[in-house]
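Some notes on the structure that comes next.
Any read-out appearing in this document is the output of simple, stated calculations on the displayed coordinates, not a laboratory observation. Here the structure is a predicted model, which means the values were calculated and not measured. Note: ideal-geometry Cβ built from the backbone for every residue, glycine included; neighbour counts use all protein chains shown.
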Amino acid sequence: MLISAAELVVVLIGALVGLIMGLTGAGGGILAVPALVYTQGFSMQQAMPVALLAVSSAALIGAIEGLMRKLVRYRAAILMAVAGSLPTLLGVQVAHRMSQQWLMLVFALILGVVAVRLIVQLRSPECDDAQRAAMARINASTGRFEWSFKTGAVIAGIGAVSGFMTGLLGVGGGFVIVPMLRHYTNASMHVAVATSLLVVSIVGTMGVGSALLSGTHLPALLSAMFVATTVGGMLLARRIALQLPAKKVQMIFVALLLCVAVSLVYRAVA
């Protein structure tokens, strides 16, 4: 059976979202939300739960692969997910009280700030993850976080911020988690990506549930197609990701953030 042009667009967007997520551990929601707004005529509020459903499903697949490769710091991921649960609910409520234009501008501003921080990090001479100063450290010999009250507070703080952004903007939170893990811990880019995917799968599911409880309707066929193609893109990307240097993965992430931020500002003010 032939599919319509609108359905073909959904398939292509889903595959691209999955590829970006698999490579960067983020970017799924920040690409999916504006893409659905542009191509399907959705409002930001309508696009958010559809994007979150696809992103959280694909992130779960990527997280399982990361666990098998022992890249996921699962204790940190669980703490971030728990710390982000209540802020996710708060973010959903705030989103429903904001106008479409302001949501887009806030989204673009946050993406720009994150991109600038990552560019500064890329240009820093302290590029060795093992030597980089960090508030929470992974032990080089065990590959696990050295847990203390300070480490727990840093990880929980990252989770709370990502949870609020998940509810507010309809994204999985990975675009916050990855750069914050890179900035405040000595986690490598590959570890940050894999850990982020586990958090995104948990927190994203909470975000979908919150949106449904708020009365949001999910279009069944479009959502199913979007989930299937996003998962497919994720599976392909995870085969590619570990072959790329960490800095190249980070550069792809930065380029994505800047492109989406510029497009959102243009749409908000046009």
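Note on Ser196, Ser210, Ser162: ascending count of other Cβ atoms within 10 Å places them as Ser210, Ser162, Ser196, the fewest first. For the chain, the Cβ-based charge dipole about the Cα centre amounts to some 520 debye (Lys, Arg positive; Asp, Glu negative; other atoms uncharged). A dipole drawn for the chain from +1 and -1 charges on Cβ atoms has a positive end, and of Gly18, Trp147, Thr229 the residue lying farthest that way is Trp147. Spin-label pair Leu244-Leu218: with each label point 7 Å from Cα along the Cα-Cβ axis, the two points sit 2.8 nm from one another. Between 0 and 90 degrees, the angle of helix 74-95 with respect to the longest Cα principal axis of the chain falls at about 40 degrees. Over all Cα atoms in the chain, the spread is summed up by Rg and Dmax: 17.3, 58 Å. With a simple spin-label model that places each label point 7 Å from the Cα along the Cα-to-Cβ direction, the separation between Arg144 and Tyr266 comes to 4.9 nm. Across the chain, the mean sequence separation of Cα contacts (distance under 8 Å, 6 or more residues apart), normalised by length, yields a relative contact order of 40 percent. The Cβ shell under 15 Å around Met44 holds other residues with a net charge of +2, Lys and Arg each +1, Asp and Glu each -1.
In sequence order, the range 103-110 has phi-based couplings of 4, 5, 5, 5, 4, 4, 4, 5 Hz under the Karplus curve 6.51 cos²θ - 1.76 cosθ + 1.60, θ = phi - 60°, and Gly or Pro positions carry x. Computed from phi, the 3J(HN,Hα) profile of the range 38-45 under the Karplus parametrisation 6.51, -1.76, 1.60 (θ = phi - 60°) reads 5, 9, 10, x, 6, 7, 4, 5 Hz, with x in place of Gly and Pro. Across the range 253-263, coupling constants 3J(HN,Hα) worked out from phi with the 6.51/-1.76/1.60 Karplus curve, θ = phi - 60°, read 4, 4, 4, 4, 4, 5, 4, 5, 4, 4, 5 Hz, and Gly and Pro carry x.
Where does each of Tyr266, Tyr184, Tyr38 land when they are ranked from fewest to most other beta-carbon atoms within 10 angstrom? Please report the intermediate quantities before stating the final value.
Working: Tyr266 11, Tyr184 17, Tyr38 14.
With the sparsest Cβ surroundings first, the list reads Tyr266, Tyr38, Tyr184.
Among Phe149, Phe175, rank each residue by its count of other Cβ atoms within 10 Å, from fewest to most, as a rough exposure measure. Provide the component values of the computation, followed by the final result.
On the way: Phe149 7, Phe175 30.
Starting with the residue having the fewest Cβ neighbours, the order is Phe149, Phe175.
Please give the helix 189-213 orientation as an angle from the longest Cα principal axis of the chain, in degrees from 0 to 90, rounded to the nearest 10. Tilt of helix 189-213: around 40 degrees.
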